[in-house]
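Since the structure comes first, as structure tokens, the remarks are kept for the end.
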Amino acid sequence: CVRARGRVDRRHGGGGGGGGGAPAPKVVIPRNAHKSALHALVTSGAAPVWLDSRWDAAQQLVLDADVGASLPSLLERHGGEIAAVLLVSPTYHGVLSDVEAASRLCRAAGVPLIVDEAHGSHLGMAPGLPRPALSRGADLVIQSSHKTLGAMTQAAMLHISADCPLPHGVVPQALELVQSSSPSYLLLASLDAARWQYADADARRDTAAAIALAQQARCRLSQLPGVRVFAPPGGGAAGGGVETDPLRVVVRCDDAGSGFDLDEALIERHGVYCELPELRHLTFAFSLGTTQGDVDLLVEALRDVTADADAAPFAAAADDAASAPAASASEAAPAAPAPVWLPLPAAVADGRGLTPREAFFAPSELVDAREAVGRLSAELVCSYPPGIPVFFPGEPITAEALQHIRALRAAGADVCGCSDASLARLCVVVE
């Protein structure tokens, strides 16, 4: 992002981000990107241009990026101002975007394609898994090797395609800005071990077995009362629909309680840990280490916690919240809000806001949450996991977004990035 900005600045004959009268370079990015991507916009001075994602209203999940319609329109509309295109593929829920189609569009436009493949280090490891983004035409691919391979926490890889349009040496120079000059050799050694693990025949066999176990888990979980297992629309990639990672099992069981409550019950009663608990969903990650005993335990544990009648009021609260007005800072937050995902405000795109960098460094103040609605945020606030910003520097704060983040906190989510942990006050740009 930093180096791509220089390419755009030279094209426009000045410094981006408002300096010298030149427009800020733009990065096409989906609204469900990780907060680290928004932090990169602060570092680089680039402005986000929102790439639409498809929304499954029936299953209440964000699906893949709208590469077919939204991306061509954005590339045409913003032309030479685009410094890069970023896709998140797969998502936390295991949904992949059409990287090949995006690559063709980006190559034609002369724009590098970056893929956040944090949850896809294992892709291509065994038959039945989707191909990784690098083999689909991505120019730069970021993988969190500690998530789905055996690397230590914090260990990650950045892959660069041989066809990457960026000049030779640009990426290593950019890394110098953000990497330590004293790297951990424990982390580096674990990355090397993960690389060998990826190529190991036994590990590939165990991964193939894990795919079968995940499918077995889906079948058995779908038979539990009140449990709905996520199925990709269109029958998955084989049926011409949305492609998914078969090692992610996503269930919705909000009739029995919030995902946060169910996650705590699974841990306390059965020692079962969910990869991603949310208001309405639980996502479980299978891997080469998953056994038949793990599947049996998961099924029985979920059967037990979803049968708990004490959590039943969540469903009714969720329905009530759909039509409820946004709560004020002094009122109790609703137990579960109507989903607020797409679309969210495109502040910079419609000219009402500041770039993330401009807002981050602008004078700011803490105000009552009710007064913050309509003001530009000076902070990035999200629940973690998944770390997807609800609002961030430069974006107008909406009543719906405020209601959503306060409801997440009330339901048990860990909220980070806010100056006031109670969310009674928010940090906004001084007008």
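The values are calculated or read from the model by the stated rules, or taken from the named source; none is laboratory data. Given the structure is predicted, the values throughout are model-derived calculations rather than measurements. Note that each Cβ is placed from the backbone with ideal geometry, even for glycine, and that neighbours are counted across all protein chains shown. Note: areas computed on protein heavy atoms with side chains; ligands, DNA, RNA excluded. Shrake-Rupley method; radii C 1.70, N 1.55, O 1.52, S 1.80 Å.
So, of the residues in region 25-46 that are assigned to a loop (DSSP other than H, G, I, E, B) and open to solvent by less than 10 Å² (accessible area, probe 1.4 Å), which turns out to be farthest from Ile114 (Cα to Cα)?
Gly45
For region 71-89, give me the residue count where each residue is within 20 Å of the chain's Cα centre (by Cα) and open to solvent by 10 Å² or more (accessible area, probe 1.4 Å).
2
His159: closer than 17 Å to Trp196 by Cα, in contact with a helix residue (DSSP H, G or I) (Cβ under 9 Å, 6 or more places away or on another chain) and in a helix (DSSP H, G or I), yes or no? No: the conditions fail for His159. Applying the criterion of being out of contact with any helix residue (DSSP H, G or I) (no Cβ under 6 Å at 6 or more places or on another chain) and open to solvent by less than 10 Å² (accessible area, probe 1.4 Å) to the residues of region 112-129, the residue that is farthest from Leu247 (Cα to Cα) is Pro112. Whether any residue in region 200-222 is farther than 21 Å from Gln292 by Cβ and touching a helix residue (DSSP H, G or I) at 6+ places or on another chain (Cβ under 8 Å) is what I want to check. Checked against the condition, which is being farther than 21 Å from Gln292 by Cβ and touching a helix residue (DSSP H, G or I) at 6+ places or on another chain (Cβ under 8 Å), region 200-222 yields no hits at all. Screening Asp263 against (1) touching a Phe, Trp or Tyr at 6+ places or on another chain (Cβ under 7 Å); (2) more than 25 Å from Arg205 (Cα to Cα); (3) not aliphatic (A, V, I, L, M) leaves a single unmet condition, (1). The set of residues in region 398-417 that are assigned to a loop (DSSP other than H, G, I, E, B) and under 24 Å from Cys274 (Cβ atoms) comprises Gly412, Ala413, Asp414, Gly417. Only one of the numbered conditions (1) open to solvent by 20 Å² or more (accessible area, probe 1.4 Å); (2) at pLDDT 95 or above; (3) within 18 Å of Ala413 (Cα to Cα) is violated by Arg280, and that is (2). Need pairs with beta-carbon distance below 7 Å; first residue closer than 20 Å to Val415 by Cβ and within region 23-46, second polar (S, T, N, Q); sequence gap 6+ or separate chains. Filtered contacts from region 23-46: Arg31/Ser53; Asn32/Ser53; Asn32/Thr91.
Pairs meeting the criteria (first residue in region 381-397 and in a strand (DSSP E or B), second residue among the acidic types (Asp, Glu), beta carbons under 9 Å, at least 6 apart or on different chains) are Ser383/Glu278; Ser383/Asp414; Pro389/Glu395; Phe391/Glu379. If you go through region 264-292 and keep only what is under 20 Å from the mean Cα position of the chain (by Cα) and of a type in the set (Asp, Glu), you end up with Glu275, Glu278. Looking across region 179-211 at every residue that is in contact with a Gly (Cβ under 6 Å, 6 or more places away or on another chain) and among the aliphatic types (A, V, I, L, M), the one that is surrounded by the most Cβ atoms within 10 Å (Cβ to Cβ) is identified as Ala194. Filtering Gln197, Gln179 for residues that are farther than 25 Å from Cys106 by Cβ, modelled with pLDDT under 95 and in contact with a helix residue (DSSP H, G or I) (Cβ under 6 Å, 6 or more places away or on another chain) leaves a single hit, Gln197.
This table checks each residue for (1) part of a loop (DSSP other than H, G, I, E, B); (2) touching a Ser or Thr at 6+ places or on another chain (Cβ under 7 Å); (3) surrounded by fewer than 17 Cβ atoms within 10 Å (Cβ to Cβ).
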site	(1), (2), (3)
Ala217	no, no, no
Ala256	yes, yes, no
Leu266	no, no, no
Arg269	no, no, yes
Cys274	yes, yes, no
Gly293	no, no, yes
Arg303	no, no, yes
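A search for C-beta distances below 8 Å between a residue of region 351-379 that is closer than 14 Å to Gly45 by Cβ and any residue that is open to solvent by 10 Å² or more (accessible area, probe 1.4 Å) and among the polar types (S, T, N, Q), counting only pairs 6+ apart in sequence or on different chains, returns Arg357/Thr43.
The set of residues in region 177-202 that are within 27 Å of the chain's Cα centre (by Cα), of a type in the set (Gly, Ala, Ser) and not in a loop (DSSP other than H, G, I, E, B) comprises Ser190, Ala193, Ala194. Filter region 396-431 for residues that are of a type in the set (Asp, Glu) and under 22 Å from His39 (Cα atoms) and give the result. Passing the criteria: Asp414, Asp420. Taken across region 81-93, residues that are over 20 Å from Leu247 (Cβ atoms) and in a loop (DSSP other than H, G, I, E, B) do not occur at all.
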